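A short write-up of the structure that comes next.
The values are calculated or read from the model by the stated rules, or taken from the named source; none is laboratory data. Here the structure is a predicted model, which is why all the values come from computation and not from measurement. Backbone-built Cβ (ideal geometry, glycine too); neighbour counts: all protein chains shown. Just so you know, the surface numbers come from the protein's heavy atoms only, side chains and all, with ligands and any DNA or RNA stripped out. Shrake-Rupley method; radii C 1.70, N 1.55, O 1.52, S 1.80 Å.
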Amino acid sequence: TTALTIAIDGPAAAGKGTLAKRVAAHYGLPYLDTGLLYRAVGKLADDRGVDLDDAEATGAIATELDTSHLDDGSLRGREAGELASRVAVHGAVRTALTEFQRSFAARAEGAVLDGRDIGTVICPQARVKIFVTASAEVRARRRTDELAAKGRDVDYERILAEVRERDARDAGRAIAPLRPAPDAHLLDTSELGIEAAFQAACAVIDRAM
Ligand code: C5P
């Protein structure tokens, strides 16, 4: 049988990361957060004063990227997410990051990858594809609560606008737009807590094993 490769895609703040980490731990598989790669490219470009709309220059940064760039704690923040989605529209950036993701996915023991185009472009042969969704309102509410729990002063309406803007950019781009693969299992978490979402994902994966 082929290795257990699990692709988890979906829009910003749908809970993909939390779900993917739990799934990886449960099945004893290595996990790659592919958003972190785009975040690192966006952040490096911004730090160096490179124009984020410049496909060639940001593509060159993506080529230079190595895992030491992924340790930066600021990559998890909202600003890096915004920078990421701006550089992620460029084919040169996406191509430069493809091989690293594919070789991670090809590990003999299997792997869990989360992102936007894992099931459609990076690993169209993945054994299991899960597309995690939730309404923009639910995602914005969760993100607002998460930030508020960290003591941050956040405005729901503003977060909702950011979520919608990121959705539009990720789904509307010409190259590798955010969309479910035809054979992906849709997992709408609008009304599911993390535990229920995890159970639903495990049910899908167990059936594929
Ligand atoms: O998943 P995360 O929010 O960290 O991703 C940040 C941004 O990186 C996304 O909004 C998207 O534009 C881009 N991305 C992508 N393809 C991936 C992962 C992330 O285009 N596989």
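When the Cα positions of Ala105, Gly73, Ile6 are compared along the charge dipole of the chain, Ile6 comes out farthest toward the positive end, with charges on each C-beta of Lys, Arg, Asp and Glu. In the complete set of protein chains, residue-level accessible area for Thr2 is approximately 100 Å², probe 1.4 angstrom.
The 3J(HN,Hα) values that the Karplus relation (6.51, -1.76, 1.60; θ = phi - 60°) gives for segment 94-104 are, in residue order, 4, 5, 5, 9, 5, 4, 4, 5, 5, 6, 4 Hz. Gly and Pro appear as x.
Close amide H pairs (under 5 Å, H built 1.01 Å from N) link Ile130 with Ala7, Ile8, Asp9, His185, residues at least 5 positions away or on another chain.
For His69, His185, the ranking by accessible surface with the largest value first comes to His185, His69, using a 1.4 Å probe. Normalised per residue, the accessible area of segment 10-57 is 40 Å², obtained with a 1.4 Å probe and no contribution from ligands, DNA or RNA. Label sites at Glu137 and Glu191, each approximated as a point 7 angstrom past Cα along Cα to Cβ, lie 1.4 nm apart.
Loop-located GluC sites (Glu not before Pro) in segment 85-183 (DSSP state other than H, G, I, E, B) with a sparse environment of at most 12 neighbouring Cβ atoms within 10 Å: Glu109. The helix-based estimate of mean residue ellipticity at 222 nm for the chain, built from -39,500 (n - 2.57) per DSSP H run of four or more residues and divided by its residue count, is -16000 deg cm²/dmol to the nearest 500. Across segment 131-145, coupling constants 3J(HN,Hα) worked out from phi with the 6.51/-1.76/1.60 Karplus curve, θ = phi - 60°, read 10, 8, 10, 6, 4, 4, 5, 5, 5, 5, 4, 4, 5, 4, 5 Hz, and Gly and Pro carry x. Please state, rounded to one decimal and in Å, the Kirkwood hydrodynamic radius that the chain gives when every pair of distinct Cα atoms enters the mean of 1/r. Result for the chain, one decimal place: 17.4 Å.
Of the residues Thr63, Gly91, Leu147, the one whose Cα sits farthest towards the positive end of the charge dipole of segment 42-163 is Leu147 (charges of +1 on Lys and Arg Cβ, -1 on Asp and Glu Cβ, taken about the Cα centre).
Charged side chains reduced to their Cβ positions (Lys and Arg at +1, Asp and Glu at -1) give segment 1-134 a dipole of some 720 debye around its Cα centre. For segment 69-209, the dipole from Cβ point charges (+1 on Lys and Arg, -1 on Asp and Glu) about the Cα centre works out to 360 debye, to the nearest 20. Under the simplified labelling scheme, the Arg102-Asp71 pair shows an inter-label distance of 3.0 nm, with each label point 7 Å from Cα along Cα→Cβ.
Rounded to the nearest 10 square angstrom, Asp183 shows an accessible area of 90 square angstrom against a 1.4 Å probe. Here the chain has 51 percent of its accessible surface on carbon and sulfur atoms, given a 1.4 Å probe and all protein chains in place. Probing with 1.4 Å while keeping every protein chain in the model, the per residue accessible area of segment 68-209 equals 51 Å². Per-residue accessible area (protein heavy atoms, 1.4 Å probe) orders Lys129, Lys43 as Lys43, Lys129, starting from the largest.
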